[in-house]
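What follows draws every value from the coordinates through simple rules; no lab data is involved. Values in this document were obtained by computation on a predicted structure and should not be read as measured data. Cβ placement follows ideal geometry from the backbone for every residue including glycine, while neighbour counts extend to all protein chains displayed.
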Amino acid sequence: MNPTESAPIINHVDLATQVYDVLLDRLVSRDFEPSQQLSLAALAEELGVSRSPVHQALTRLVVEGLVAVRPRKGYVVLPITEESVTQAFDIRLAFELLAAEKTVGKLAASQLEELRRLMELTLPMVQGDRIVDRSGYVRANQALHTFLIGLAGNRLMSRYFEQLRLHLVMGRVAGRRLSGMGHILVEHQELVAAFEQGDLPRVQAVIRTHIESGKRVAAEEIRAAGGVL
């Protein structure tokens with residue numbers, strides 16, 4: 001690839017973060033295939049940056065469980081399997097139920113307003129029954145759920161949530177799924193409404209429904225893709 005013609009434009013401010021965002025988007029879009037080797041030197045040349053920010057970005061992806069370092073192969077994209085997705089969704093379920101238990105009926109008006117604002121940012125990403133802006137949806141959905149879990153004030157739980165890779169999973173699912181995604185918006189709206197009403201049993205029920213539907217959709221797409229995403 002000629003970096004002057006088709007590579008993403010990199011602003012030379014906080015390069016490591018920008019390179020990370022570019023690589024994450026490519027992982028989400030499956031521009032990088034499962035088990036593909038990633039050349040640090042080639043990526044640096046393609047993006048028009050030195051190797052240092054690429055190394056930092058790849059190291060961050062390794063920590064997050066999206067990329068691995070293999071002997072004699074270097075950096076390799078980790079495949080997403082149904083088993084790993086099921087486990088990740090189960091952990092997210094536990095985190096969100098705990099966050100709900102600690103926060104429903106106890107939030108300030110400003111926190112509820114922010115929860116609604118983040119939910120509403122997910123709405124334009126889905127039209128009819130299909131996600132129309134994959135990268136936008138991934139970011140908006142991740143921001144909503146990260147904020148929800150963060151309301152509990154447990155930094156360790158928030159850190160572990162960031163490492164679950166579910167934003168990557170659902171980004172890849174969104175790229176393959178032709179229909180059957182409209183439930184996302186309904187569940188997001190019901191979740192925020194239940195928070196606003198201070199209805200803990202309802203919040204817990206919506207969380208369970210949302211997690212189970214996400215798990216089901218992801219599993220269907222992983223099977224359709226031959227067992228990995």
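Here's how it looks for Val67: its modeled amide H is under 5 Å from those of Val62, Leu78, which are all 5 or more places away or on a different chain. Between Ala108 and Ala224, the modelled labels are 4.4 nm apart [label points 7 Å from Cα along Cα→Cβ].
Per-residue Karplus couplings for region 28-38, computed as 6.51 cos²θ - 1.76 cosθ + 1.60 with θ equal to phi - 60°, are listed in order as 4, 7, 6, 5, 9, 7, x, 6, 5, 7, 10 Hz, Gly and Pro entered as x. Largest GNM mean-square fluctuation across Arg30, Arg159, Arg70, computed for the chain with C-alpha springs under 10 Å, falls on Arg70. Neighbours of Glu82, meaning other residues whose beta-carbon lies under 12 angstrom from its beta-carbon, give a summed charge of 0 when Lys and Arg score +1 and Asp and Glu score -1. Between Arg117 and Ile91, the contour length at 0.36 nm per residue exceeds the alpha carbon distance by 6.8 nm.
Take the alpha carbon atoms of region 142-161, find their center, do the same for region 62-77, and report the distance between the two centers in whole angstrom. If we compute the Cα centre of each part, the gap is 26 Å.
Looking at the square roots a ≥ b ≥ c of the eigenvalues of the Cα gyration tensor of region 111-196, which shape do they give, rounded for a/c under 1.5, prolate if a/b is larger than b/c, or oblate? Because a/c hits 1.5 or more and a/b fails to exceed b/c, region 111-196 counts as oblate.
Report the charge-dipole magnitude of the chain in Debye, nearest 20, computed about the Cα centre from +1 at each Lys and Arg Cβ and -1 at each Asp and Glu Cβ.
Values: 26 positive and 27 negative charges, 106 e Å.
Taking the Cα centre of the chain as origin, the dipole is about 520 debye.
Extending 7 Å from the Cα toward the beta-carbon at both Ala193 and Arg208 defines two label points whose distance is 2.0 nm.
Site pair Arg159 and Ser52 shows an inter-label distance of 2.6 nm when each label is modelled 7 Å from Cα along Cα→Cβ. Taking the longest Cα principal axis of the chain as reference, the axis of helix 109-122 is set at about 50 degrees.
State the extension gain, in nm to one decimal, for the chain segment bounded by Ser29 and Arg130, taking 0.36 nm per residue of separation less the distance between their alpha-carbons. Could the numbers behind the result be given before it?
Numbers: separation 101, 0.36 × 101 = 36.36 nm, distance 1.58 nm.
In short, 34.8 nm is gained.
From the coordinates of this entry, log10 I(q)/I(0) by the Debye sum over Cα atoms at q = 0.09, 0.11, 0.14 Å⁻¹ is computed, and it appears in (1) -0.40, -0.59, -0.93; (2) -0.52, -0.65, -0.88; (3) -0.36, -0.54, -0.87 under the label (1).
Under 5 Å from the amide H of Leu38 lie the amide H atoms of Tyr75, Val76, Val77, each residue being 5 or more positions distant or on a separate chain, with H modelled from the backbone and absent for Pro and chain starts.
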